[in-house]
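Working notes, beginning with the structure itself.
The values are calculated or read from the model by the stated rules, or taken from the named source; none is laboratory data. For clarity, every value in this text was computed on a predicted model and none was experimentally measured. When we count neighbours, we look across all protein chains shown, and the Cβ atoms used for this are built from the backbone with ideal geometry, even at glycine.
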Amino acid sequence: MIESTQSLLPALSSKAPLKVLCVGFEENSMSELDRLLTTLGVNPVSHVLVKLRSINPGTYIGIGKLEEIKNEIEESLAEAVIVDVELSPNQLRNVEKAIGKPVLDRPGVIIEIFSQHARTKEAKTQVEIARLNYLLPRLAHFWTHFERQRGGMQLKGMGEKQIEVDRRLVKKRIEILRGRLASIEKERTVQRAGRKSVLKVAFVGYTNAGKSTLLNALTHSNVRAEDKLFATLDASVRALDPHSHPPIVAIDTVGFISRLPPSLIASFRSTLEELHQADLLVHVVDASCENPKEQLKVTEEVLKDLGVEKKARITVLNKADLLGNLKTRNIARIICPGSLLISAINKNDVDRLREVILEHFRKELEVWEVLLPYGESKLEAQVHAHGSVERVQHIQKGTFYRVRIEPGWARKLGLARYKL
């Protein structure tokens with residue numbers, strides 16, 4: 001049985017970073033692939049850009065380009081090849097056979113990064129399910145590769161039998177993990193129920209757009225934030241402002257990327273459920289990246305797939321500190337008219353965003369004038385906790401309150417409008 005700790009990348013004979021040749025089809029995407037590989041600690045030593053006129057069903061890439069790749073491997077001394085698209089199991093096997101080196105496709109690279117960055121029990125379970133679903137149709141391709149990692153020798157005539165055994169074991173493992181994930185999801189549902197009465201703002205966007213850094217700055221917390229792709233895989237929940245009434249929590253979510261493997265989206269659906277529960281989305285875009293418009297589009301497509309595209313939203317163009325002059329900043333603003341251009345490391349910008357978020361929720365509140373009888377100290381405390389009190393006056397019949405409060409909370413507390 002394959003182990004969850006086994007890498008999809010080929011085993012190394014030394015401790016030096018694995019040297020790989022990258023095969024891509026668009027320059028921007030190739031640049032992003034380099035960043036993915038750097039996150040994995042892999043060294044891209046050479047690149048081959050393919051202008052594809054038609055897809056070869058057997059190898060995806062034409063025979064002529066495969067020969068070019070083979071020659072480039074010899075010159076660059078690459079130990080493996082990474083292809084910047086998703087290859088079918090047959091294509092993986094055929095390309096590997098043609099060039100004589102281990103091959104991994106883009107989804108495999110992303111899943112490997114998720115495997116390395118998973119920290120919590122939930123994230124590890126979600127990633128392992130996605131990884132096994134990716135491997136299941138590709139076991140024949142990866143089986144020899146895993147045997148090399150184990151240091152084992154494949155016995156003649158045993159390969160097919162062992163693959164069938166592994167296939168059954170993988171299916172059984174997926175079933176067990178889904179049961180485990182269902183239990184974790186029940187716990188998460190209970191946690192969400194506890195936050196049901198609290199206003200929620202969720203931060204979404206492309207990976208490494210600066211969501212975690214922004215959340216830390218807004219909430220004065222220390223959520224894991226690194227200049228790496230997919231540094232954060234778990235939803236982090238923090239109070240936006242401890243002094244705000246009603247209370248508001250900020251939620252950091254897993255980042256998106258173009259051509260995110262469907263198995264990962266499916267496995268992380270429970271984590272992404274936070275987006276359905278949110279009252280407001282803050283879409284964070286890296287304004288300093290090579291193609292911010294593409295990142296904006298990718299996130300919009302994922303939000304649509306998740307069914308949350310109609311949620312109230314604020315778009316933030318982050319990393320303004322890396323843009324330089326005014327002309328560059330104005331060009332960035334054109335990406336998304338009406339967006340907020342900020343830097344997560346600029347306190348004034350962070351305060352401005354916090355105020356925009358608070359103002360959004362203030363507009364959603366209704367003004368209620370209520371009279372609470374003396375002795376209703378518990379109800380008074382709840383009014384202060386879940387509303388923004390604008391006026392308090394003690395009169396003969398009780399305490400008069402003018403408060404801005406969410407209509408749902410007003411009904412829940414059983415408030416009645418005061419009539420003169």
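A few points about this structure:
- Top-ranked residue in segment 261-279 [being hydrophobic (A, V, I, L, M, F, W, C) and either surrounded by fewer than 19 Cβ atoms within 10 Å (Cβ to Cβ) or without any contact (Cβ under 8 Å) to a residue 24 or more places away in the chain (or both); ranked as farthest from K297 (Cα to Cα)]: A266
- Cross-chain or 6+ apart pairs with Cβ under 6 Å, segment 117-139 first and small (G, A, S) and assigned to a helix (DSSP H, G or I), then crowded, with 22+ Cβ neighbours inside 10 Å and modelled with pLDDT under 85: A123/L233; A130/L264; A130/S267
- Against the test of being in a helix (DSSP H, G or I), in contact (Cβ under 8 Å) with a residue 60 or more places away in the chain and surrounded by 22 or more Cβ atoms within 10 Å (Cβ to Cβ), the options L104, L92, L36 yield a single qualifying residue, L36.
- If you check E294, E290, E309 for being assigned to a loop (DSSP other than H, G, I, E, B) and over 25 Å from K200 (Cα atoms), only one passes: E290.
- Residue in segment 283-329 that is surrounded by the fewest Cβ atoms within 10 Å (Cβ to Cβ), counting only those that are acidic (D, E) and more than 17 Å from the chain's Cα centre (by Cα): E290
- Residues of segment 61-89 satisfying the condition of being over 20 Å from N43 (Cβ atoms) and in a loop (DSSP other than H, G, I, E, B): I61, G62, V85, E86, L87, S88
- Within segment 337-374, the set of residues being closer than 21 Å to R417 by Cβ and modelled with pLDDT under 90 comprises R362, K363, E364, L365, E366.
- The listed residues are A381, A344, A385, and the only one of them that is of a type in the set (A, V, I, L, M, F, W, C) and either assigned by TED's automatic domain parsing to the domain that holds L214 or closer than 30 Å to G324 by Cβ (or both) turns out to be A344.
- Some residue of segment 383-405 being surrounded by 13 or more Cβ atoms within 10 Å (Cβ to Cβ) and either assigned to a loop (DSSP other than H, G, I, E, B) or under 24 Å from the mean Cα position of the chain (by Cα) (or both): no
- For segment 375-403, the set of residues classified as at pLDDT below 90 and in contact with a Pro (Cβ under 9 Å, 6 or more places away or on another chain) consists of A385, H386, G387, S388, K397, listed by residue number.
- Selected residue (only one of L33, L92 is within 29 Å of F268 (Cβ to Cβ) and within 26 Å of the chain's Cα centre (by Cα)): L33
- Counted residues, segment 363-407 - those being small (G, A, S), closer than 22 Å to P242 by Cα and either in contact with a Leu (Cβ under 8 Å, 6 or more places away or on another chain) or in contact (Cβ under 8 Å) with a residue 40 or more places away in the chain (or both): 3
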